[in-house]
1. Using θ = phi - 60° and the Karplus form 6.51 cos²θ - 1.76 cosθ + 1.60, what ³J(HN,Hα) does each residue of the range 25-40 get, whole Hz, x for Gly and Pro?
2. Using Cα pairs under 8 angstrom and six or more residues apart, how large is the relative contact order of the range 2-102, in percent?
3. What ranking do 84-90, 14-20, 72-78, 37-43 get when scored by the average of other Cβ atoms within 10 Å per residue, highest first?
4. To one decimal place, what Kirkwood hydrodynamic radius in Å is obtained for the range 2-102 from all pairs of distinct Cα atoms?
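Please treat every number below as a calculation from the coordinates, not as lab data. Keep in mind that this is a model prediction, so the values were computed, not measured. Don't worry about glycine lacking a Cβ; one is built from the backbone with ideal geometry, like all the others, and counts go over all protein chains shown.
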Amino acid sequence: METDLLSHSRARFNHEAARRILKEKYEAKMLFAYCGGMWRAGPELLTILGNCRIDNNLQVVLLDLYETPVRIQTQELWNLATERWQEQMTAWLVEFEELSQLR
């Protein structure tokens with residue numbers, strides 16, 4: 001009985017560690033460069049850009065990840081961030097589902 005409990009707790013610990021590693025892996029892949037700034041594709045950036053996209057040619061100044069002001073084209077950055085976000089989230093989901101099946 002104790003070995004079953006021990007093996008179950010090890011498997012659970014390994015699963016949680018694998019989930020954390022997977023999250024860190026894909027969060028790192030969300031980073032990209034644009035117009036001399038570093039950006040992280042994610043809900044926060046997409047929301048800010050979505051609110052600015054009233055005019056497709058709109059230029060705004062935003063702070064990048066290092067809090068450096070960068071003048072950007074909202075439509076271009078929104079397209080890049082959306083593309084990066086969807087690619088990485090899809091890949092993350094595929095790996096997560098594989099990990100869940102191993103458990």
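1. Rounded to whole hertz, the list is 4, 7, 5, 5, 6, 7, 7, 7, 9, 7, 6, x, x, 9, 10, 10.
2. Computed value for the range 2-102: 28 percent relative contact order.
3. Values: 84-90: 14.7, 14-20: 12.3, 72-78: 18.9, 37-43: 16.7.
Result, highest mean Cβ count within 10 Å first: 72-78, 37-43, 84-90, 14-20.
4. Numbers: mean 1/r = 0.0638 Å⁻¹.
That comes to 15.7 Å for the range 2-102.
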